[in-house]
Amino acid sequence: MYRIPKDLDLSPIVGEFTTQVRVGQFDLQFTLGRVNFIIESPITLFRGGTVVARWESAKWPEPGFYDMMNAAVTRCEIASDRLIVIEFENGITMHLEDSSDQYESMRISFEGDPLLWVI
């Protein structure tokens with residue numbers, strides 16, 4: 001809805017990993033180091049350019065989401081004002097999309113920082 005701001009610095013997630021993925025009725029949540037993600041828009045996981053898992057609001061995540069756990073982030077890029085790309089050491093690439101012009105797509109917060117990025 002609000003687009004991904006260019007000044008959002010996700011570099012602290014590089015080298016970090018998650019040990020759990022939390023599923024809400026309309027969101028998927030995970031933490032990488034001190035960065036918390038609450039995603040309400042589609043998430044797609046790729047390996048070698050092939051889709052291995054996809055999640056959409058109000059659906060259970062596909063089993064491929066297990067592959068993002070316990071794998072360190074090797075790179076993170078704000079590819080456009082609608083796409084965040086996160087690469088993991090095991091070859092998984094996660095695409096977080098700002099896919100709505102009407103509703104919030106995600107919220108990102110940093111532990112210890114009162115600022116909440118609403119996208």
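Computed values, structure above
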| quantity | calculated |
| --- | --- |
| Test: Ala58 is among the small types (Gly, Ala, Ser) and either farther than 21 Å from Ile119 by Cα or in contact with a helix residue (DSSP H, G or I) (Cβ under 7 Å, 6 or more places away or on another chain) (or both) | no |
| The lone exception for Ser100 - which of (1) farther than 21 Å from Tyr2 by Cβ; (2) part of a loop (DSSP other than H, G, I, E, B) it fails | (1) |
| Test: residue in region 55-67 that is open to solvent by 50 Å² or more (accessible area, probe 1.4 Å) and in a strand (DSSP E or B) | no |
| Residue among Gln29, Gln25 that alone is surrounded by 14 or more Cβ atoms within 10 Å (Cβ to Cβ), among the polar types (S, T, N, Q) and without any contact (Cβ under 8 Å) to a residue 40 or more places away in the chain | Gln29 |
| Hits in region 77-119 - residues which are touching a helix residue (DSSP H, G or I) at 6+ places or on another chain (Cβ under 9 Å) and either open to solvent by less than 50 Å² (accessible area, probe 1.4 Å) or among the aromatic types (Phe, Trp, Tyr) (or both) | Ile86, Phe88, Gly91, Ile92, Met94, Phe110 |
| Index of the failed condition, Thr74 passing every other in (1) polar (S, T, N, Q); (2) open to solvent by less than 50 Å² (accessible area, probe 1.4 Å); (3) not in a loop (DSSP other than H, G, I, E, B) | (2) |
| Subset of region 1-22 [open to solvent by 60 Å² or more (accessible area, probe 1.4 Å) and of a type in the set (Gly, Ala, Ser)] | Ser11 |
| Filter result (more than 18 Å from Met106 (Cβ to Cβ) and in a loop (DSSP other than H, G, I, E, B)) within region 23-54 | Gly48, Gly49 |
| Selection from region 60-83 of residues that are more than 20 Å from Val23 (Cα to Cα) and of a type outside the set (Asp, Glu) | Ala72, Val73, Thr74, Arg75, Cys76, Ile78, Ala79, Ser80, Arg82, Leu83 |
| Filtered residue count, region 4-22, keeping only those that are of a type in the set (Gly, Ala, Ser) and either part of a helix (DSSP H, G or I) or in contact (Cβ under 8 Å) with a residue 60 or more places away in the chain (or both) | 1 |
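The values are calculated or read from the model by the stated rules, or taken from the named source; none is laboratory data. All figures in this text were calculated on a predicted structure; none of them were measured in a lab. Note: ideal-geometry Cβ built from the backbone for every residue, glycine included; neighbour counts use all protein chains shown. What goes into the accessible areas is simple: the full protein's heavy atoms, side chains included, and nothing from ligands, DNA or RNA. Shrake-Rupley method; radii C 1.70, N 1.55, O 1.52, S 1.80 Å.
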